[in-house]
Structure formats: C-alpha cells, structure tokens
C-alpha cells in the first residue's frame, strides 16, 4: 500500500492527544474557564488516541495482507506470513527492547520493573496490569502489547480464510469486543481496564472491514455511506458521555471502544477521500504533522518515560540552584522543554536506529513471485 501522508497526520494527532492526556495541562474550571472549556469540549481523551491507532493498524495491516494474498499463490501463504512477522519485528522490536534494557540499567521504577520484566519482554504488560488491577511501571506499554498480540493472530485469519468469509472475521472481532467489554467493565467491575486484546478487537475489526471494502469501488461507496449514517449518532453518544457524565455513562461505558473506533474510521475515510486543496496542503500534508506522525512510535514509547526522568532531574537541579526555580518550575516552560526533548529523542531514534533497521525489510517482500 502506497504511503499516504494524511495518515501520518492522523498518527500525529493520536500521539499528541495521548501526550495531553498523560502530561496535561489540567485546567481549573473556575480560575481558567476558557482553557478548561477548550480542553473539555474540543480535545478528545487519550483513550481515543490509542483507539485511533488501533483502527489505523487494522486498516493498514489488513490492506497489506489482502494485497499480498492476491499477489501470491496459495503455496506461498506461509512465506507471506513469515515475511510479515519479520517486517513487524524489524519495525517494532529494536527500540522497544533497547528501551527496556536502558531502563533496567538505570533501575527505572525499581524494583517493580525488574520483578515483572518477563511480562514486558513477552509483550504481556496488558495482562499484567489487568490481573494486578494496577498500572505498574511504564503503563502505556499495554497498547503495544495489544498490538503485538493482534499481529500474532491477524495474518493467519486474513491469509487462510477465504475472502468471502472474511466479513465474518471483522464482524466477529467487533462482537467479541462488545461481549468482553461488557464482561470486563460491568461483570468484573474493571471499568478502567478493558485493555486486553479481545477488548480492543473492535478497532482492528472496523479498520479491517474498511480495507476489505476498498477492494471494490461499489462496495466501498456503500460501506462509506453506511458508516456516515452510523457516525452521526455515534458522535452524539460520544459527546454525551464526555460532556454530561450522567447515569447514562455508567450503563454503556463498555461500548466506548466501539464508539471511538467508528469515529476514528470516519476520520480515516475523510483522509482517504479528501479533495479540498486547502485541507490537503495545510493539514493532511502539513510538514510538522507529517514529521510527528512519522516518528510517532518513538514519541509514544518515550513520552511517559522521559517525563518523570526530566521532572526528577529538574527537581534536583533547582534544589542545588534556587535561582533557577522561577524559570525551570514554570509549567509552560517545562512542558515545552519536555515536548522538544521527546520529539528530539524520537527523531534521533528514528534516524539512527529505526530507519536503518527498516531498510532490511526490503529483503522480505510480500510479493514472493517477484522476490529474488
């Protein structure tokens, strides 16, 4: 699938939403009413940002696998899946495991991380947090664990199930998410922990369904029309949940990932079909947003690790040099420095580690018949 800059913009938006969720700012409704209003009503939650990533993954991974399936004979199915795993490994593993190694060496959040390192090494931190009912160390890795578990399952389904039956795979994924979401949040009472891969299958399934529909122009138009009609009431529900917080929220919270996923897919459809030159040039192909989207994996991985490291360093620095207190303790100055820091580290990570390693993906093409 060709590179689409607008999807990089969506990645940038998703990761920036997550940062705002984790870092703030948190405004006081009485003393900062304007800022509070803007954040409360116009900035989505960090959970939405993660669900947007899931839908993007479902869409792109399914599109890649369907294309590979159509280009190769059935006897090459295993090689296609093998190449998929190798390519994902080259993209995801290097900086993840390097980060874990560095954190172990500096005794980050010691001894929790050391005591539970096997969970992180095997991409099962989501299960750890679910079982402990606690976010533990480097909590944002739960979504990376979910992604990896999705990668282990999805290619087998897409490659080996006949195309005419794939709609049941996508529908089944959405149904599983609804059922397990209800069990997790209502039956088990873990409202903050619908974080297992089964709970997140709605995003992958909805994104995959769109990739499947796009193979046929007529079917794609029908799909997009139906999605739009579903999007309007879904957006109303989303706004009701986030802006009123009444009893309706408690009764339906298990559906929030479905709601997030429908809205996220509508954003993807908008990007894929946009014909407005202004929006295309200044938003979807905005160089800053495209750049942030390109390095968004590193930004997501590092942002919640660098924040406490930076805050701890500044705290010690101010302790030794009280004259710096007014500047370094300024919330907005600190926020800007941390943002620049995480972007800089992520850019270096992408340039020096990720991109060179990704060059090896060329050796593992999906079109086996054209590979040397």
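Any read-out appearing in this document is the output of simple, stated calculations on the displayed coordinates, not a laboratory observation. Just so we're clear, the structure is a prediction, and the values are computed from it rather than from any experiment. Reconstructed Cβ throughout: ideal geometry from the backbone, glycine too, with neighbour counts over all protein chains shown.
What order do you get for 294, 275 when you list them from fewest to most C-beta neighbours inside 10 Å?
So the residues, fewest neighbours to most, are 275, 294.
Please give the calculated 222 nm ellipticity per residue for the chain, where each DSSP H segment of at least 4 residues contributes -39500 (n - 2.57) and the sum is spread over every residue; nearest 500 deg cm²/dmol?
So the calculated ellipticity at 222 nm is -23000 deg cm²/dmol.
In a Gaussian network model over the chain where Cα atoms closer than 10 Å are linked, find which of 153, 65, 103 has the largest mean-square fluctuation.
Maximum fluctuation in the GNM of the chain, among the listed residues, is at 153.
Suppose R0 equals 56 Å; then what is the FRET efficiency for residue 35 and residue 160 from their Cβ-Cβ distance, rounded to the nearest 0.05?
For R0 = 56 Å, the calculated efficiency reads 0.60.
Given axes a ≥ b ≥ c from the Cα gyration tensor, I'd like to know whether region 38-96 is rounded (a/c under 1.5), prolate (a/b larger than b/c) or oblate. Don't skip to the end; give the middle numbers.
Values: a/c = 5.83, a/b = 2.20, b/c = 2.65.
Since a/c reaches 1.5 but b/c is at least a/b, the shape of region 38-96 is classed as oblate.
Which of 200, 220 comes first, and how do the rest follow, when ranked by fewest Cβ neighbours within 10 Å?
Least crowded to most crowded, the residues run 220, 200.
Enter the angle in degrees (range 0 to 90, nearest 10) between the Cα long axis of helix 5-23 and the first principal axis of the Cα atoms of the chain, meaning the one along which they spread out most.
Roughly 40 degrees, rounded to the nearest 10.
Going by how many other beta carbons lie within 10 Å of each one, how would you line up 47, 186, fewest first?
Starting with the residue having the fewest Cβ neighbours, the order is 186, 47.
With springs only between Cα atoms under 10 Å, which of 61, 232, 292 fluctuates most in a Gaussian network model of the chain?
232
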